[in-house]
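The values are calculated or read from the model by the stated rules, or taken from the named source; none is laboratory data. Since this is a predicted model, take the numbers as computed values, not measurements. Don't worry about glycine lacking a Cβ; one is built from the backbone with ideal geometry, like all the others, and counts go over all protein chains shown.
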Amino acid sequence: MSKINRRTFIALSVAGAGVALGTSCAIGQNSKQTSKSPIAGSSLHQSRDGLLELDLEASSGAVDLGGQQAYLLSYNGQIPAPRLEAKPRDTVRIHFTNNLSQPTNLHYHGLHIPVTGNADNVFLSIEPGERIDYEFMIPQDHPAGTFWYHPHRHGLVAEQLFGGLAGLFIVRGELDEIPEIQAAKEEFLVLQDFALNENGRMLSSNHTSAMTGREGQLITINGQLNPTLSLPANGLLRWRILNASPSRFYRLSLENHPFYLIATDGGALAEPVEISELLLTPGQRVEVLVRGDRNPGQYSLRNLPYNRGGMGMMGRGMMGGRGMMGGRGMMGRDDNTPTVLATLNYDKAVEPVPLPTKLLSIPTLPEPQQVRRFQLNHGMAPGMGMVFLINGQPYKSDRIDTQVQLNTVEDWEIVNTGMMDHPFHIHANPFQVISRNGKSEPYPAWTDTVLVPRGETVRIRIPFRDFAGKTVYHCHILDHEDLGMMGNLDIQV
Ligand code: C2O
Ligand code: CU
Ligand code: CU
């Protein structure tokens, strides 16, 4: 591991989004702070007359990140990438060009669309300089929700995501039509972390604990450091939050304000759930409402520490509960202090908006026709070094690991016997969590990525509907996925 000199270290900590809590009162004096709208960096592409069509180009180069120049990977030069919005029945047509120096492709995380052809097909490899037209339809019964797109070329996923390649894919529908939600002020928060040197260049993966999952100290929301967001006094705010980081978990809390959770990965809950903290693993999304019922003022959105485990003897229990390489970012920075990610400001008062009492119903799934067990762990493989395993095996592209029948419901019991937490994700087929360590879930929800903490067992129920073909499931700490924690899933007619 190469050394980082002290000057670089200081530059990084100052540039780091980690504004220590004690200094949050100095935010107003921060010259880098602009009043830009938080989505100023990204364009919006909405469907019109049943069609969402756009050109999308992946390239590397200089972009603006928090008011400074950074050399990253981006779609259409934007961090985060353009926000796409469509409705059920719309056709989506993306003219994609790969101007990266590596192969890549596009995955539509959370969308329930075909996994074959030029749709959500992660087995496509678009070579440097190549173009492809992606085309698919959003099914008529597709739930409204917060989905996203990112590269999924196996072996390069973490690297490309960490370069910045990620954007929101919003499906509008029933949830958006609930009157209280319609009256809320809608805001999108894309969380990304970066590891850059003082020249704005990406640090090599040696500096970012790629083995346990790379993290960077520069945490951005919509490509900005500590942006100011606003909330109408008496009103409601609807935050739609995406964790687009390859490995970093976010544990969010908002000073003096509870969150009212209204949607998870797969869309609406049955009713709002009051919650004081949000834990978002890589890949996960939530939608929350915030009520503007406190004293008008400034409130911090904080990221609280979370220990997701580490390697071998360096895991839980040693080093004061933190892994030495436990994915706590680089350079041994102490991550035990909460950091401020954004500042919420009260705006002019509006007519009071109540919370919705009911959202959308969530069906109870039928008993499973099949129960399977997946064991997550890591180990050393001769010639490969550290590998991440599902049922003792690292990923192999030509092996079918799991064969399921279309139009059946299955229970998967996912057991984590390792020393690191793993967020387990299945493509194109949302599921419900049934129980954790045998304890049933407090409320039903649709999700596509579930945290399986080390030492724990999570049982999920998955209906395989509509689309046959080959796709994947994997750990959404994308270094783990690239290092083998993925399986091929064949959905047969
Ligand atoms: Cu965001 Cu294979 O997924
Ligand atoms: Cu996915
Ligand atoms: Cu993992």
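Summary table
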| item | result |
| --- | --- |
| Total residues in region 61-108, condition buried (at least 21 other Cβ atoms within 10 Å of the Cβ) and over 28 Å from Ala428 (Cα atoms) | 4 |
| Residue count for region 387-407, restricted to those that are part of a strand (DSSP E or B) and either crowded, with 16+ Cβ neighbours inside 10 Å or within 16 Å of ligand 1 (Cβ to nearest atom) (or both) | 6 |
| Filtered residues of region 255-283 (kept if closer than 18 Å to Pro338 by Cα, over 19 Å from the mean Cα position of the chain (by Cα) and touching a residue at least 40 places away in the same chain (Cβ under 8 Å)) | Glu255, Asn256, His257 |
| Residue count for region 44-99, restricted to those that are more than 25 Å from Thr220 (Cβ to Cβ) and free of Cβ contacts under 8 Å to residues at least 40 places away in the same chain | 2 |
| Top-ranked residue in region 233-253 [being out of contact with any Lys or Arg (no Cβ under 9 Å at 6 or more places or on another chain) and among the aromatic types (Phe, Trp, Tyr); ranked as surrounded by the most Cβ atoms within 10 Å (Cβ to Cβ)] | Trp239 |
| Region 451-466, residues that are closer than 25 Å to Asn307 by Cα and either modelled with pLDDT under 95 or away from ligand 3 (no atom under 12 Å from the Cβ) (or both) | Gly455, Glu456, Thr457, Val458, Arg459, Ile460 |
| Of all residues making up region 440-483, the number that are within 26 Å of Gly385 (Cβ to Cβ), in a strand (DSSP E or B) and either more than 15 Å from ligand 2 (Cβ to nearest atom) or in contact with a Ser or Thr (Cβ under 6 Å, 6 or more places away or on another chain) (or both) | 2 |
| Whichever residue in region 421-439 is assigned to a strand (DSSP E or B) and within 16 Å of ligand 2 (Cβ to nearest atom) and, among such residues, is farthest from Thr281 (Cα to Cα) | Phe431 |
| Test: Pro366 is under 27 Å from Thr449 (Cα atoms), surrounded by fewer than 20 Cβ atoms within 10 Å (Cβ to Cβ), at pLDDT below 95 and away from ligand 2 (no atom under 16 Å from the Cβ) | no |
| Candidates Glu57, Glu135, filtered to the one that is surrounded by fewer than 16 Cβ atoms within 10 Å (Cβ to Cβ) and closer than 30 Å to Asn226 by Cα | Glu57 |
| Ile390 vs. criteria within 16 Å of ligand 3 (Cβ to nearest atom), touching a Leu at 6+ places or on another chain (Cβ under 7 Å) and in contact (Cβ under 8 Å) with a residue 24 or more places away in the chain | yes |
| Qualifying positions in region 484-493 - away from ligand 2 (no atom under 16 Å from the Cβ) and not in a strand (DSSP E or B) | Gly484, Val493 |
| Every residue from region 152-198 that is assigned to a loop (DSSP other than H, G, I, E, B) and within 13 Å of the chain's Cα centre (by Cα) | Gly164, Leu165, Ala166 |
